[in-house]
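Peer 1: Attaching a single structure in structure tokens format; questions to follow.
The values are calculated or read from the model by the stated rules, or taken from the named source; none is laboratory data. These figures come from a predicted structure and were not determined experimentally. So basically every Cβ, Gly included, is an ideal-geometry build from the backbone, and we count neighbours across all protein chains shown. Heads up: the accessible areas ignore ligands, DNA and RNA and are worked out on the full protein's heavy atoms, side chains in. Shrake-Rupley method; radii C 1.70, N 1.55, O 1.52, S 1.80 Å.
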Amino acid sequence: STWGGSGSVRCGMQQDADSLEGSDGTDYGLEDEDELQRILGEEEEIERILAEMKVTEEERELTMDDVFYKIGSFGKFQLQLTFLLSLTFGLLPAMSAFLPLFTAPALPELSCSSLTNLTQTITTTNITECAPHTWAFTNPFTITAEFELVEDRYWMIPMLTSSYFGGFAFGAIIFGWMSDTIGRYDTIMFTAVMNVVTNVVSITCFSYWIFLGVRVLYGIANGGLMLSSYTLMFEMWGIRERNNTSPLIHMSYAVGVLLTSALASFIPQWRVLVVIESIIQLGCCVWLSRLLVESPRWLMIQQRITEATATLRKISVSNGTQLPRNFPPRTSTKEKGVFVCANIALIKRFLALVVVWFVVVLGFHGLNFGVAKIVINDDVYINTAILAVMDVIAHILCFIFVRWSRRNTCVGFLLMSCASLFASSVTVSDEKLRLAFLCLAKVGVAGALNVIFLFTAEIFPTSTRNASLGVCAAASRLGAIVAPLISGSLGRIDKGISLNVFGQTLLIAAFAVITMPDTANIVVPEIIEHVDAPKKTDVPPKSPHPNAAVGTSELEFPGL
């Protein structure tokens, strides 16, 4: 003890008291015994203070970030779970979204008799060059060919994508609320099974309208699965791992795009592609059933302490560490089904983020249409791969910069996109230069989309995190639906107009992000009352090695 212990204090007090009286009994300053008792009585108060100062590590209050630091913020268990959930977060949704691009071409290749020479057989993508009733699809195994989505049925092709995005928005809201109410585990398992079932049913559809309805259900399942997967991954990481891992898992979406492009280039039958996707989904379901656990953070705010302890113990055993003896940390209140309306600060941030998500995804898909006009032998597969590579570049940049600041990194990406879009709008006459600026803008908006996932998850507490992400994602799907309308209709009038519209909306998003607090290296809020006083902490050192058993009293907790 700094004070030398209570014994030394007692001795010192007694010596001081004795020194007040001489050996001959002469009184040196004490007027009565009451004064002596008052001085000696202070000993009890000092002992009480010393007892409070001797707070051991086991008596300290922990945050969940401290607990994960102790048991391993990214050990063997989290590594396996993150890899698995990155498939359900990125790879499978990417395959679902991009499948119609390859299997339902808007301009299918036709073989027909020439309109000007009936004896001449030609191959074309322009049906007006064909003599009436003489054309046939060169690939009869596409969705366009099977449902004959040409001429007056042409409008049915974009409906396949719009129906998927509409279902995604609905699923993000419904399953976002469900995930915060009944838990991440049940929501993920239900939507994963729903994914497999709807995909298998789509293989058996021979009616366009039934197939369209199944696409809506498929989008609903994907909306819930994608966001719940991200939320569970986020809640399993520590502070350092949020900085490092969150930007990189977005690459799984780009990998899904590349994989779909490669498969579609070799397999022309759309039903075979869906079968392959269903097999991957079924494998993920089996793996999920064996590895998936409920979020300990969510269990704690539900006051399900026993289950949270069992889950954390399972993680610590897998990581080769031990739970701290002072677990569980104290959570002040139980919150279930609470939304952002319970806090004024959250309402403002929520509304700002809804705008940001809508605008960023509007620009993201709008630029997909613009950059897709790169002509490399008119090859849709190569063009799509180029888009995916630009996304990878954005995620790498995000990995480098996001650890320093979420807000400033997001604003930087948005301003980069704005400047590039404005530059491309005034260089429309130079096709190569315009496309270079468009590619730079695509990198910027893809990076901003990466950051706002992490930004949003850190702003909202565990009790309402998934529901808030769901509403923001639903707003983003509206942006995805509006994007082709802006790109198509305004682009026909003037290519520069649509680019200016995207640039101006992204500038609005940048100003909206500036109004929000930076969330880099904060202890994430668990309940609503934590939002008003976020705790910022230094990034802790790396977690204990996954295979090293660590005693519970050998490590200090960060930020305590």
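Peer 1: Need the C-alpha centroid separation for the range 66-127 versus the range 380-436, integer Å.
Peer 2: 21 Å
Peer 1: With θ set to phi - 60°, apply the Karplus curve 6.51 cos²θ - 1.76 cosθ + 1.60 along the range 154-162 and write out the HN-Hα couplings as whole Hz, x wherever there is a Gly or Pro.
Peer 2: Running phi through 6.51 cos²θ - 1.76 cosθ + 1.60 with θ = phi - 60° gives 4, 5, 6, 5, x, 5, 5, 6, 4 Hz.
Peer 1: Work through the residues other than LEU232 whose Cβ is under 14 Å from its Cβ and net out their charges, Lys, Arg +1 and Asp, Glu -1.
Peer 2: Working: positive: ARG184, ARG242, ARG297, ARG465; negative: ASP180, ASP186, GLU235, GLU241, GLU294.
After counting each charged neighbour, the total is -1.
Peer 1: Just to be sure I understand the model, the point goes 7 Å from the Cα along the line to the Cβ. What's the resulting HIS133 to ARG290 distance in nm?
Peer 2: 5.9 nm
Peer 1: Less than 15 Å Cβ to Cβ from LEU248, Lys/Arg counted +1 and Asp/Glu -1: what total charge do the surrounding residues give?
Peer 2: Working: positive: ARG240, ARG242, ARG403; negative: GLU241, ASP391.
Here the count lands on +1.
Peer 1: Next question. Please identify the chymotrypsin sites (Phe, Trp or Tyr not before Pro) of the range 192-253 that satisfy two criteria: DSSP loop assignment and at most 10 other Cβ atoms within 10 Å. Which are they?
Peer 2: Values: sites: PHE206, TYR208, TRP209, PHE211, TYR218, TYR230, PHE234, TRP237, TYR253; in loops: PHE206, TRP237.
Those satisfying the criteria are PHE206.
Peer 1: Further question: Rounded to the nearest percent, how much of the accessible area of the range 93-232 (1.4 Å probe, protein heavy atoms only) is carbon and sulfur? Intermediate values should be presented prior to the final figure.
Peer 2: Numbers: 4010 of 5870 Å².
Solvent-exposed carbon and sulfur of the range 93-232 make up 68 percent of the total.
Peer 1: Here's something else I'd like to know. Hey, can you rank 263-273, 88-98 by average C-beta count inside 10 Å, highest first?
Peer 2: The most tightly packed comes first, giving 88-98, 263-273.
Peer 1: Residue by residue through the range 243-252, what is 3J(HN,Hα) from phi via Karplus (6.51 cos²θ - 1.76 cosθ + 1.60, θ = phi - 60°)? Round to whole Hz and write x for glycine and proline.
Peer 2: 5, 8, 8, 4, x, 7, 5, 5, 5, 4
Peer 1: Measure out, as a whole number of angstrom, how far apart the alpha-carbon centroids of the range 450-479 and the range 267-299 sit.
Peer 2: 23 Å
Peer 1: Okay, moving on. Mind ordering 498-507, 409-418, 307-316 by average Cβ neighbours within 10 Å, highest first? Walk me through the intermediate numbers first.
Peer 2: Numbers: 498-507: 22.2, 409-418: 24.2, 307-316: 18.9.
Most protected by this proxy first, the peptides run 409-418, 498-507, 307-316.
Peer 1: Can you tell me which of 129-137, 380-388, 290-298 comes out highest on packing, and rank the rest after it, using the mean Cβ neighbours within 10 Å? Don't jump to the answer; show the numbers that get you there.
Peer 2: Working: 129-137: 14.1, 380-388: 18.3, 290-298: 19.9.
Listed from highest to lowest mean packing, they are 290-298, 380-388, 129-137.
Peer 1: Per residue of the range 82-92, in order, report the coupling 6.51 cos²θ - 1.76 cosθ + 1.60 (Karplus, θ = phi - 60°) as ³J(HN,Hα) in whole Hz, putting x for Gly and Pro.
Peer 2: Whole-Hz 3J(HN,Hα) from phi for the range 82-92: 5, 4, 5, 6, 5, 5, 6, 7, x, 5, 5.
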